[in-house]
Amino acid sequence: MQVLLLLAAVGLCGAQYNSNTQAGRTSIVHLFEWRWADIALECERYLAPNGFGGVQVSPPNENIVITNPFRPWWERYQPISYKLCTRSGNEDEFRDMVTRCNNVGVYIYVDAVVNHMCGAAGGSGTHSTCGSYFDAGNENFPAVPYSGWDFNDGRCYTSNGEIQNYGDIYQVIDLGSEPITGSEYFGNGRVTEFKYGAKLGTVIRKWDGEKMAYLKNWGEGWGFVPSDRALVFVDNHDNQRGHGAGGASILTFWDARLYKMAVGFMLAHPYGFTRVMSSYRWTRNFVNGQDANDWIGPPSNSDGSTKSVTINADTTCGNDWVCEHRWRQIRNMVIFRNVADGQPFSNWWDNGSNQVAFGRGNKGFIVFNNDDWYMNVNLQTGLPAGTYCDVISGQKEGNACTGKQVYVSGDGTANFQISNTDEDPFVAIHVDAKL
């Protein structure tokens with residue numbers, strides 16, 4: 001468990017840096033494939049009241065429309081132009097989202113697809129989200145405009161010039177299936193696109209170099225947007241999918257336990273700037289004997305338009321959206337992280353197996369039991385004496401707790417009993433949950 005959770009934490013959070021979020025807000029959520037109108041509502045009704053600092057949005061620029069397979073998630077990473085119209089919404093809706101989210105202190109991180117356009121297999125025509133004409137095979141994207149003069153060809157040395165093995169780092173780095181743009185003209189296009197994004201109010205931008213494992217000579221691109229308006233983060237959307245995007249949300253009981261514990265560990269640990277995934281529901285799908293899960297796009301209507309995110313009476317999501325960020329355990333751990341912000345990692349304990357615990361100075365403490373037996377242990381929490389509400393099994397409501405209660409004695413120690421059969425075999429307490 002110790003190894004599992006540590007790896008999960010490292011995989012789900014980035015390096016230490018100033019996130020530029022409002023003070024006291026330490027996490028963002030990736031609302032993968034959400035519509036701009038739904039994100040605006042979510043900022044106001046849920047994210048701001050629960051201490052989220054920002055939203056990472058899917059790429060907002062025009063992309064190819066793919067119908068075979070039907071509207072997969074990855075069509076968003078096949079750019080046609082820099083016009084702001086996708087299945088998430090148009091430019092006016094994007095502007096409205098940014099304004100409304102910023103007004104409640106939730107900032108927008110844009111997933112900006114950089115350094116390639118759609119692959120040659122996209123063909124030619126106007127099957128794009130804005131209806132712009134393109135000819136991918138001839139590297140002609142007049143809506144930008146780009147032509148064949150703006151691309152570096154022949155970088156992937158395979159028989160057909162495309163990626164044949166995604167396990168081969170050199171093929172993946174060379175971006176065989178998507179043309180790499182590298183001319184001065186392309187650079188000017190990036191300047192225009194990045195400055196436009198800043199003008200729209202996306203005070204923090206996220207740069208996604210598609211499958212690139214390193215930035216090569218693109219470091220100078222970071223100066224495209226004034227530093228007081230934007231901050232650039234480097235990531236890879238294949239990594240994002242590994243974190244739960246693309247619908248990694250039909251979980252068994254045991255999968256869900258591990259997922260919530262891993263996210264809980266990430267949010268409790270002081271390392272990095274954390275991002276929570278929020279995705280949609282899918283069912284296992286096979287086509288011609290091959291697993292086609294990778295094709296699954298967001299919940300959609302028959303015309304390919306994305307379904308709105310509906311909210312059920314119990315605050316969960318409907319319309320096949322899962323909304324992990326609304327799970328009590330994850331929401332309350334986002335709050336835990338905010339409460340413990342600035343406090344050191346402290347009071348580590350483990351049993352040499354799959355039970356671990358640690359604190360955040362004198363503000364918070366968390367305990368995990370992933371062993372196959374009952375846990376009953378007295379631990380030093382570092383917290384002030386008193387009775388605390390466990391924010392995993394419930395939450396504080398007024399002076400009462402809807403879940404387990406933990407008593408911390410005058411010397412800072414407390415007894416923790418966690419069954420290996422619990423739905424959520426971990427406990428988290430913090431000073432704002434003191435009764």
Starting from the Cα of ASP92, step 7 Å along the direction of its Cβ; do the same at SER124; then give the gap between the two resulting points in nm. 3.4
Contour minus Cα-Cα distance for GLU423 and ASN378 (0.36 nm per residue): 14.0 nm
Against the 2.2 N^0.38 Å rule of thumb, the C-alpha Rg of the stretch 74-124 sits at a ratio of 1.39
Based on the mean of other beta carbon atoms within 10 Å per residue, what is the order of 365-376, 398-409, 72-83, 54-65, most packed first? 54-65, 72-83, 365-376, 398-409
Short version: ³J(HN,Hα) in whole Hz for each residue of the stretch 73-86, in order, from phi by Karplus 6.51 cos²θ - 1.76 cosθ + 1.60 (θ = phi - 60°), x for Gly and Pro, what are they? 4, 7, 5, 5, 9, 10, x, 10, 7, 9, 5, 8, 8, 9
Fully extended, how many nm does the chain gain between ASP303 and LYS434 (0.36 nm per residue separation, minus their Cα-Cα distance)? 42.1 nm
Averaging the inverse of every distinct alpha carbon separation and then flipping it gives the Kirkwood radius. What is it for the stretch 336-435, in angstrom units? 13.4
Using amide H atoms built 1.01 Å from N in the peptide plane, name the residues 5+ places from VAL29, or on other chains, whose amide H lies under 5 Å from its own. GLY54, VAL55, GLN56, VAL276
Want the number for ASP411 to THR99: 0.36 nm per residue separation, take away the alpha-carbon distance, what's left? 107.5 nm
Please report, in whole Å³, the volume per residue of the convex hull around the C-alpha atoms of the stretch 272-402. 197
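Only the coordinates and a few stated rules stand behind these numbers; no lab work does. Here the structure is a predicted model, which means the values were calculated and not measured. No Cβ is skipped: glycine too gets one built from the backbone with ideal geometry, and neighbour counts run over all protein chains shown.
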